[in-house]
Structure formats: structure tokens, C-alpha cells
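Down below is the structure, laid out as C-alpha cells.
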Amino acid sequence: AKVEKALEKKFERGLKDTRIAVFGATGVVGFCTAVIAAREGARVTLVGHDGIERVEQIAAEIKNRFKIAVDAADGSSEARKTKLVEASEVILACAKAGVQVVSKAQLKGDGLLIAADVNAVPPAGIEGVAVNANSDPLEAAKAVGIGPLAIGNVKYKVEFGLFKRMIESEKTITLDFQEAFSLAREIAIVRWSPISFATPTRSRSPNARRCCRATCRAASTGSASSRRFCNWLETTGRSPSSWARASSG
């Protein structure tokens, strides 16, 4: 959603027909990102850091499950990664935390528009993209960068919004990453404030509170920690992203 907003604001275009390379595509974040972008008409390439075999399997799974086509590419060497970046208009780093995937030198291609990184643990997944970059110009490159804090800000609001839907529903509901993207798009592109979600859940009806607990337990197999989390969410009305701070301090 942040990439889509940057494309529209900075380059007056959308995701459709945009060449996107997803690094770290064997994980859940990369998988979901690839599906969402491809559904929006982007030309997506899954990049495998350990060769092409695994990303080819994932591309086949995406085609089988979602009836959309994505490409697979070998990114196991610096030379191969450089060529992939040069051939892309958007690169997304979704690899595990603390691993640099793309170097600053590899960002100098004339065709690159956006480099987005979800990794907030040093070193950055994309060298030169600051953690708080929000469509900021990259040094020695024509592209703009989107950092993990800018992406994370939308993520936390999406989490809060989805929990709100579960709390307010009178039935158990199932939400997938497409619903998350739809809400993220609204948050990223439209002026939006999390204040609209600030009503404490303890003011909800008993049915809504029971629904929240049941939905959370079903989604998390009912572990003790997940029940504590749901009870905390219910009684405080605070953002799910505040749980880590509250539970540790």
C-alpha cells in the first residue's frame, strides 16, 4: 500500500504493469506481497537468494491457488541481483531481519523508482534506505526509499482495524491478507487517523467481547499467552502493537 501511494504521488502511476522484484520471496511476507501486487496487475518476479528452485515452486503454488502468474529468478549472486534490480522499477526486501539483501551500489539503475524495506533490524535489508524513510530520495540514486517504520506505522493501524472488525462482529469472521491490504490501502492513501478505533472494548456488548475472545482463541489455538493478550486488548482498548511494550514493562 505504501508503494502504491508512492507510485501515484511521485510518479503518477499505479501498480499495474510495474516491474516488481520481491527479495525474500520464500517467506510469508514476500509471498503475500507478491500475490497482492500481481492481482493489481504488476509484473512480479520472485527472487531466490539460494537459487531458483524454491521460488519456482512458490510461483507454481501462487498460480495454482490464485490463478495469477508471477516469474521466478535466481538471486544467488551479487551479479544476478544487480541485473534484477536494473530490470525492476520497484524492489521489495522481505528477507529475514538483520540480513542485507541489496547494496547501495546496486540501486543506481536509471529505471528503479522505489526501494522498500521491511527490515528494521541492522543492517538494513536495502543499504541506504533509512528506517524512517517515507518516499525519501535515495543517495546517489534516482529512486525513493520506503523504510520499515513507515511501513510498520500502516501495519499497526491495520492490525488495530482488523481487531476492531472482529470485536464488533456478532459472528466469528475470517480475515486474510487481501482484507489487510484493502484496509492498508485506505490508511496509506486516504488521510486516516487511528483515533476512530480508540473506543475501549470494555464498552462493547457482552456478545462482542465473547466474540473477540473466541475469535482470538480460534486464530491462535487458545494458548495461555494469546488469552492474556485478548483479555488485555478487551479491557484496555489499546492498539495491539502496544502489547509488547505493556507486557515487557
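The values are calculated or read from the model by the stated rules, or taken from the named source; none is laboratory data. Note that the structure is a prediction, hence the values are computed from the model and not measured. Methodologically, a virtual Cβ is constructed for each residue, glycine included, from the backbone with ideal geometry; neighbour enumeration extends over all protein chains shown.
Taking only segment 88-106 into account, find how many residues are surrounded by fewer than 24 Cβ atoms within 10 Å (Cβ to Cβ) and more than 14 Å from VAL44 (Cα to Cα).
Within segment 88-106, residues that are surrounded by fewer than 24 Cβ atoms within 10 Å (Cβ to Cβ) and more than 14 Å from VAL44 (Cα to Cα) number 9.
If you check every pair at least six apart or on different chains, which have Cβ atoms under 6 Å apart with a residue in segment 51-78 that is in contact (Cβ under 8 Å) with a residue 12 or more places away in the chain first and a residue that is surrounded by 15 or more Cβ atoms within 10 Å (Cβ to Cβ) and polar (S, T, N, Q) second?
Within 6 Å, the pairs are ARG54/THR26; ASP71/THR45; ALA73/THR45.
From the list GLY24, GLY30, exactly one residue is surrounded by 22 or more Cβ atoms within 10 Å (Cβ to Cβ) and on the phi > 0 side of the Ramachandran plot. Which is it?
Only one candidate passes the filter, namely GLY24.
Name the residue that is modelled with the lowest pLDDT, counting only residues in segment 131-174 that are assigned to a loop (DSSP other than H, G, I, E, B) and crowded, with 18+ Cβ neighbours inside 10 Å.
ALA141
Within segment 110-125, how many residues turn out to be small (Gly, Ala, Ser) and surrounded by fewer than 19 Cβ atoms within 10 Å (Cβ to Cβ)?
The qualifying residues number 2.
How many of the residues making up segment 63-85 are part of a helix (DSSP H, G or I), closer than 23 Å to ASN119 by Cβ, touching a helix residue (DSSP H, G or I) at 6+ places or on another chain (Cβ under 8 Å) and not basic (Lys, Arg)?
Number of matching residues: 3.
In a loop (DSSP other than H, G, I, E, B) and of a type in the set (Ser, Thr, Tyr), is that true of SER88?
Yes; evaluated as a whole, the condition is true for this residue.
If you take the residues of segment 1-21 that are hydrophobic (A, V, I, L, M, F, W, C) and part of a helix (DSSP H, G or I), which of them is surrounded by the fewest Cβ atoms within 10 Å (Cβ to Cβ)?
Here the residue is PHE11.
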